[in-house]
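The values are calculated or read from the model by the stated rules, or taken from the named source; none is laboratory data. Note that this is a predicted model, so its numbers are computed, not measured. Here the Cβ is made from the backbone with ideal geometry for all residues, glycine too, and neighbour counts use every protein chain on show.
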Amino acid sequence: MANGISKKNVRFPKKSVNHYIKKLNDVIQLNGVLLFGSFAYGNPNKHSDIDLVIISPDFKKIKFGERMQWLHEQRDEISDAIPMDLVGYTPEEFRSVAKNSAIMAKAKKEGCWLYKK
């Protein structure tokens, strides 16, 4: 993806995603935000959503299933306008899942870091 435009000319909603990342960073300690899926791999279409891995040590206090609900609750009118698939891991969980899950291994290898501490 070059300059926010994919190979198929589907524009990445950079402003909305950056707004969401900033909002998250105001309420939790972010270690990283990793874009994966069709936008990261250069093959989005008009129906593609934004796939993000959110990495924070603060997730240690939140059960895994509750993290996704919490991450979606942090969206507002700006970031809510775009479809997002959000998953949250602690740094330790992400290291482990990136070794044991083909999807997360590919995300770590081929994804795009939108924020990294």
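Against the conditions (1) outside any helix (DSSP H, G or I); (2) more than 15 Å from the chain's Cα centre (by Cα), LYS99 satisfies every one except (1).
The residue that is modelled with the lowest pLDDT, counting only those in region 16-69 that are within 21 Å of VAL97 (Cα to Cα) and among the small types (Gly, Ala, Ser), is GLY65.
Remark: pairs (first residue in region 28-56, among the aromatic types (Phe, Trp, Tyr); second residue not in a strand (DSSP E or B); Cβ separation under 7 Å; 6+ apart in sequence or on different chains) = PHE36/ALA107; PHE36/GLY111; PHE39/MET1; PHE39/SER6; PHE39/PHE12; PHE39/SER48; TYR41/GLU110. You will find that of VAL27, VAL10, the residue that is over 15 Å from the mean Cα position of the chain (by Cα), over 15 Å from ALA107 (Cβ atoms) and surrounded by 12 or more Cβ atoms within 10 Å (Cβ to Cβ) is VAL10 and no other.
Can you find, within region 70-93, the residue that is surrounded by the most Cβ atoms within 10 Å (Cβ to Cβ) among those that are assigned to a helix (DSSP H, G or I) and at pLDDT 95 or above? Here the answer is LEU71. Can PHE12 be described as of a type in the set (A, V, I, L, M, F, W, C), touching a Gly at 6+ places or on another chain (Cβ under 9 Å) and modelled with pLDDT of 95 or more? So PHE12 does not fit the description; no.
Going residue by residue through region 86-93, is there one that turns out to be of a type in the set (Phe, Trp, Tyr) and either more than 13 Å from LEU34 (Cα to Cα) or in contact with a Lys or Arg (Cβ under 6 Å, 6 or more places away or on another chain) (or both)? No, the conditions are met nowhere in region 86-93.
Please enumerate the residues belonging to region 30-69 that are assigned to a helix (DSSP H, G or I), over 11 Å from THR90 (Cβ atoms) and under 15 Å from the mean Cα position of the chain (by Cα). Listed by number, the residues that qualify are SER38, PHE39, ALA40, TYR41, MET68, GLN69. Answer yes or no: is there a residue in region 104-111 that is out of contact with any Lys or Arg (no Cβ under 6 Å at 6 or more places or on another chain), in a loop (DSSP other than H, G, I, E, B) and in contact (Cβ under 8 Å) with a residue 40 or more places away in the chain. Yes, region 104-111 contains a residue that is out of contact with any Lys or Arg (no Cβ under 6 Å at 6 or more places or on another chain), in a loop (DSSP other than H, G, I, E, B) and in contact (Cβ under 8 Å) with a residue 40 or more places away in the chain.
For region 56-83, what are the residues that are closer than 21 Å to LYS117 by Cβ, in contact with a Lys or Arg (Cβ under 9 Å, 6 or more places away or on another chain) and not hydroxyl-bearing (Ser, Thr, Tyr)? Those that are closer than 21 Å to LYS117 by Cβ, in contact with a Lys or Arg (Cβ under 9 Å, 6 or more places away or on another chain) and not hydroxyl-bearing (Ser, Thr, Tyr): PHE59, GLN74.
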